[in-house]
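See structure below.
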Amino acid sequence: MADLDIPTARQLIDGAWTAAADGGELPVLDPATRETIQSVARARAVDVDHAVAAARRAAPGWAATSPSERGAILRRWADLIGAHVEQLAEHESRDVGKPRSGGRLNMYITQGIVDYFAGAADKLTGVTLPTRTPDYFGYTRPEPYGVCAVIIPWNVPAVLTVANVAPALAAGNTVVLKPSEIAPLSPFALAELGRRAGLPPGVLNVVTGLGPEAGVALTGHPDIDHISFVGSTVTGRAVMRAAAQHLVPVKLELGGKSPNVVFADADLDVAIPAIIASITENAGQNCYAGSRLLVEESIRAQVVERVAAGMAAIRTGPWDQDLDMGPLVSQAQYERVRGFLAEAPSAGARLVTGGEPATAAFDDGWYVAPTVFDQVDSDMRLAREEVFGPVLAVQGFRGVDEAVALMNGTDFGLLACIWTSDVSRALRVAGQARAGQVAVNQFHDAGVIGFPFNMQKESGFSRGGGYAALREYTQEKAVAVRLLDRPSA
Ligand code: NAD
């Protein structure tokens, strides 16, 4: 392949682009036009078998390479990603519907993640253990699991590919990746670059197929040693049930309903643009999207007014126009979000802005306008369930206790963002948050390197992100040794 075009109706198994065993194909659609971009292979159980067998064959050789060698290949991979940012961004932006600059930003993050694990590969160590007498020696050694299955969704496919694949490979595992059937192009392009960087055949295999076909075949496969699943909470439950058949360890990164908690002393000039970005970036289709705005009653009216004005000013269009926001990714996602828009007013929420398809000019795509609902009650579906669209639910609070109760008042526990000038209050509320990640006076993790991507409650139980991810992809072996007496020679 001279450039990074993805071969039609193919998948990447054992270092080669191959058709599905039965020749099946899946169309990949452009969400801005609903037209087919190209087709990819429709993997079924037999294709998954081939991919797992290739990964198994490659596993001993890859595990036996030195960590520095693995790190060097990952560094070449990172460099190649850096050299192909525009092509990768085009694949992802077109496939998911995000503005070109959003795709480009995702590729810089992707490159940074691979680079991080390139450097981390030879920093993985065990420990020496204390012994009761000098006649013993004890130590631990981190070992790869073997063959890791990685299943990801469509919203940020490149970042999620490397966030799982790079630490798995760095730790000495081989991988079978199943991207979402909706957005497989940037994962395929990344895998091709990995191949060019020197990943041996079978070390990284990519099968595309439907969840109930390829996904079920992979999670129930008897020769998989570890499963990483990123996706919805509903599917996460099914994956965990499948993993139980063979008692395979699972890492789950699931949905969210993350709050921005805004106290009256917050710096609103900083908070308001971040709150708007948190629910419109990627058209609100992020697991950590700031889909709930919890605001102190004394400033509620002005915050709602300013946020709504900013949301109404968001420019919407196809990926190549590179505006602020694109369409939703699919017909199913469009119908799901429109369902929330239709239901919320009758449940008692007040529509402040949006609620309609963006503009007639974009009728061809799955566009939804940035939408704000005020006076949302905790019992409403809008307050509790993940919409996965640019739809913000506003609730007011009086005092810290009510803020904390609302903050923790859903089944999810991914991210909580706290906006206040009072550092003591920020740290107390951060301590009370039932979330794997907390941000103070910013949305998410900007400025922190290797931020652990942790989850609580029904958002999952990942220990992804940063160095912890390297540990996630290793199992620890403990070794106890008795030192025998030997007559000196
Ligand atoms: P999804 O659960 O429908 O699908 C995710 C992946 O699982 C896809 O590749 C799909 O083909 C596959 N799949 C579907 N059914 C399966 C099954 N029974 N067995 C095995 N695999 C199966 O999710 P989606 O709609 O693609 O993505 C949106 C969801 O992903 C949202 O809930 C979002 O919050 C979540 N997400 C979470 C994170 C995180 O890190 N916590 C990051 C991004 C997205």
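The values are calculated or read from the model by the stated rules, or taken from the named source; none is laboratory data. For clarity, every value in this text was computed on a predicted model and none was experimentally measured. Please note: Cβ atoms are built from the backbone with ideal geometry, for glycine as well, and neighbour counts cover all protein chains shown. When the accessible area is computed, the model is the full protein with side chains, heavy atoms only, and any ligands, DNA or RNA have been set aside. Shrake-Rupley method; radii C 1.70, N 1.55, O 1.52, S 1.80 Å.
The packing ranking, built from the mean of other Cβ atoms within 10 Å per residue, places the peptides 380-387, 183-190 in the order 183-190, 380-387, highest first.
In terms of packing, defined here as the mean over residues of other Cβ atoms within 10 angstrom, the peptides 419-432, 94-107 line up highest first as 94-107, 419-432. What angle, in degrees between 0 and 90 and rounded to the nearest 10, separates the Cα long axis of helix 331-347 from the longest principal axis of the Cα atoms of the chain? Around 40 degrees separate the two axes.
Axis of helix 157-170 versus longest Cα principal axis of the chain: the two differ by about 20°, to the nearest ten degrees. With a/c under 1.5 counting as rounded, go ahead and sort the chain into rounded, prolate or oblate using the C-alpha gyration tensor (a ≥ b ≥ c being the square roots of the eigenvalues; past the cut-off, prolate if a/b is larger than b/c, else oblate). It is oblate, given that a/c is not under 1.5 and a/b is not larger than b/c. Helix 233-245 and the longest principal axis of the Cα set of the chain meet at an angle near 20°. All Cα-Cα separations within segment 66-115 were binned at 5 Å from zero, giving a P(r) of 5, 24, 26, 18, 13, 7, 5, 2, 0, each value a whole percent of the pairs. If R0 is taken as 51 Å, the Cβ-Cβ distance between ARG196 and THR128 corresponds to a FRET efficiency of 0.80. Taking the alpha-carbon centroid of each part, what is the distance from segment 88-145 to segment 149-180 in angstrom? Value for the Cα centre distance between the two parts: 11 Å. Using the Cβ-Cβ distance between GLU25 and ASP223 with R0 = 22 Å, the FRET efficiency computed as 1/(1 + (r/R0)^6) comes to roughly 0.25. Label positions at ASN441 and ALA301, each projected 7 Å from the Cα along the C-beta direction, are separated by 2.9 nm.
Quote the FRET efficiency, to the nearest 0.05, computed for MET240 versus ASP485 with a Förster distance R0 of 45 Å and r equal to the Cβ-Cβ distance.
0.35
For the listed peptides 222-231, 13-22, a ranking on the average number of other beta carbons within 10 Å per residue, highest first, reads 222-231, 13-22. Each Lys or Arg adds one and each Asp or Glu subtracts one; over the other residues with Cβ under 14 Å from the Cβ of GLU69, this totals +2.
The mean sequence separation of alpha-carbon pairs under 8 Å and at least six residues apart, normalised by the residue count of the chain, gives a relative contact order of 18 percent.
Here the chain is treated with +1 on each Lys and Arg Cβ and -1 on each Asp and Glu Cβ, and its dipole about the Cα centre works out to around 1440 debye.
Given Cα pairs under 8 Å that are at least 6 residues apart, what percent is the relative contact order of segment 313-427?
Normalised by residue count, the contact order of segment 313-427 is 19 percent.
Using a probe of 1.4 angstrom, how much of the accessible area of the chain is carbon and sulfur, in percent?
Of all accessible area on the chain, carbon and sulfur atoms account for 53 percent.
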